[in-house]
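One structure below.
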Amino acid sequence: MKKVCVFTGTRAEYGLLSPLMRLLDHDADFQLQLLVSGTHLSSEHGMTCRVIEEDGFSIDEKIDIMSDDDSAAGVCESMGRGVSGYGAALGRLNPDLFVILGDRFEALAAASAAAVCGVPVVHLHGGETTLGAMDEVFRHAITKLSSLHFAATDQYRRRIIQMGESPDRVFNVGALGLENVSRLELMPQADLEKDIGFVMGDSCLLVTFHPATMDTLPAREQMQVFLDALGGLDDVKVLFTKANADAGGREINNMIDEYAASHPEQAAAYTSLGLLRYLSAMSHAAAVVGNSSSGIIEAPGMGTPTVNIGSRQEGRVRADSIIDCGLDVNAIRGAVKKAVSPEFRASAKDVVSPYYQENTAQKMVQLIKDFNPDKGLCKTFHDIPEDVTIS
């Protein structure tokens, strides 16, 4: 029996990982372990560790790393706590493999601790680019700290191999998030509205706006541009989910609360909707707006238009239902008006997501089953053949 430890540090990451976790938990060949950290343990971010337990999972380790300071220095402090705490937890759990998704600072700290502790890392969503966020460099660093790679498209698989990872350890299996879309029985709009206490109506925007941490414009000013754009969109409602724990995220969340309080008929804000309510809201929204990866990956799979603002998601593979616009008041207003138009909403229904594959979680389970963790840390650098021209 392989002991497979899954790391989760945010609500969004857990939502993506949950179908894989459930399959591992019900497979007699595995012992599932959970290492929970980050905003899951923060009351400010909804204490979402309770959601994990309510879903029937047992948490083996809770490592609190969050600093009260969400500046760059505060994030560095959290990363230091993470490396220390995760290393100690891995020593107690002694897993055969350590599953990490994505690109956040918590994930980089977890992968670093695993490398020192000699635990092979299984990395999901490597090879992607998000040029407007510091997560860009974190993701590629995690790739080099990992032993088995689950990419979401062929382009991303090729990029991981380009970074020197052996092709026989890199697999295009699609995106787990789209498996949630097809797996869950989503809530009817009336039931969702009653549950959250907000009437979405026919023209509601589902908004998530994170700090673009590589942008020269401070997070507060980024958010102010977006809120100014909303001022010219009186005919739409706005359902906010709050920003993550990046530098500047707390400031953005305060601005969201202030906006929702001053526009109670138009807007509502939630720290965390949870996976089912979030995807249900996405299915009923006129458009997903902001700079979250869910607008790039999950929304097209639901046939919901996306307005992707600014540079945070720059470089990711796009579906035709995504409208990119700059961080500019008039550009945002124009993009939203186009996205919620009947013609564009109808065209979005026919879009096929480039991230979709059948049985993504099951493919991952089989590949983990076939992987020999004893050879996991024995990596050779896969060189590009000499006859391949690099320009």
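Summary table below
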quantity: Cβ pairs under 8 Å, 6+ apart, first in segment 254-270 and in contact (Cβ under 8 Å) with a residue 60 or more places away in the chain and assigned by TED's automatic domain parsing to the domain that holds Asp202, second aliphatic (A, V, I, L, M) and surrounded by fewer than 18 Cβ atoms within 10 Å (Cβ to Cβ); calculated: Ala268/Ile196; Tyr270/Ile196
quantity: Segment 285-303 - residue that is out of contact with any helix residue (DSSP H, G or I) (no Cβ under 8 Å at 6 or more places or on another chain) and in a loop (DSSP other than H, G, I, E, B) and, of those, modelled with the lowest pLDDT; calculated: Asn291
quantity: Whichever residue in segment 215-262 is farther than 23 Å from Leu192 by Cα, surrounded by 20 or more Cβ atoms within 10 Å (Cβ to Cβ) and among the charged types (D, E, K, R) and, among such residues, is nearest to the chain's Cα centre (by Cα); calculated: Asp246
quantity: Filter result for Ile332 (in the same structural domain as Asn253 (by TED's automatic domain parsing), within 28 Å of Pro167 (Cα to Cα) and of a type in the set (A, V, I, L, M, F, W, C)); calculated: no
quantity: Residue among Ser311, Ser283 that is under 26 Å from Gly38 (Cα atoms) and either in contact with a Gly (Cβ under 8 Å, 6 or more places away or on another chain) or in contact (Cβ under 8 Å) with a residue 40 or more places away in the chain (or both); calculated: Ser311
quantity: Tally, over segment 254-284, of residues that are part of a helix (DSSP H, G or I) and either within 22 Å of Gln222 (Cα to Cα) or among the aliphatic types (A, V, I, L, M) (or both); calculated: 14
quantity: Residue count for segment 1-36, restricted to those that are part of a strand (DSSP E or B), closer than 17 Å to Glu54 by Cα and in contact with an Asp or Glu (Cβ under 6 Å, 6 or more places away or on another chain); calculated: 4
quantity: Ser292 being in contact (Cβ under 8 Å) with a residue 24 or more places away in the chain and either in the same structural domain as Leu17 (by TED's automatic domain parsing) or surrounded by 14 or more Cβ atoms within 10 Å (Cβ to Cβ) (or both); calculated: yes
quantity: Any pair with Cβ under 6 angstrom, 6 or more apart, that starts in segment 344-358 at a residue that is more than 15 Å from Glu179 (Cβ to Cβ) and ends at one that is part of a loop (DSSP other than H, G, I, E, B) and among the acidic types (Asp, Glu); calculated: Val351/Asp320
quantity: Check on Asp27, at pLDDT 90 or above and more than 25 Å from Lys2 (Cα to Cα); calculated: no
quantity: Verdict on Arg250 being part of a helix (DSSP H, G or I), more than 19 Å from Thr39 (Cα to Cα) and not assigned by TED's automatic domain parsing to the domain that holds Thr153; calculated: no
quantity: Any hit, segment 119-126, residues being surrounded by fewer than 20 Cβ atoms within 10 Å (Cβ to Cβ) and either modelled with pLDDT of 95 or more or touching a helix residue (DSSP H, G or I) at 6+ places or on another chain (Cβ under 9 Å) (or both); calculated: no
quantity: Residue in segment 68-76 that is free of Cβ contacts under 8 Å to residues at least 40 places away in the same chain, crowded, with 17+ Cβ neighbours inside 10 Å and among the charged types (D, E, K, R) present; calculated: no
quantity: Selection status of Glu193, of a type outside the set (Val, Ile, Thr), at pLDDT below 90 and outside the structural domain of Met134 (by TED's automatic domain parsing); calculated: no
quantity: Pick from segment 127-151, criterion part of a loop (DSSP other than H, G, I, E, B) and at pLDDT 95 or above, ranking: farthest from Gly248 (Cα to Cα); calculated: Ser147
quantity: Single match in Gly80, Gly91, Gly85 (criterion: within 12 Å of Cys5 (Cβ to Cβ), assigned to a helix (DSSP H, G or I) and either free of Cβ contacts under 8 Å to residues at least 60 places away in the same chain or acidic (Asp, Glu) (or both)); calculated: Gly91
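Yes/no per residue for (1) part of a loop (DSSP other than H, G, I, E, B); (2) at pLDDT 90 or above; (3) touching a strand residue (DSSP E or B) at 6+ places or on another chain (Cβ under 7 Å):
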{"position": "Ser347", "(1), (2), (3)": "no, yes, no"}
{"position": "Pro354", "(1), (2), (3)": "yes, yes, no"}
{"position": "Gln362", "(1), (2), (3)": "no, yes, no"}
{"position": "Gln366", "(1), (2), (3)": "no, yes, no"}
{"position": "Cys378", "(1), (2), (3)": "yes, no, no"}
{"position": "Phe381", "(1), (2), (3)": "yes, yes, no"}
{"position": "Glu386", "(1), (2), (3)": "yes, no, no"}
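The values are calculated or read from the model by the stated rules, or taken from the named source; none is laboratory data. Given the structure is predicted, the values throughout are model-derived calculations rather than measurements. So basically every Cβ, Gly included, is an ideal-geometry build from the backbone, and we count neighbours across all protein chains shown.
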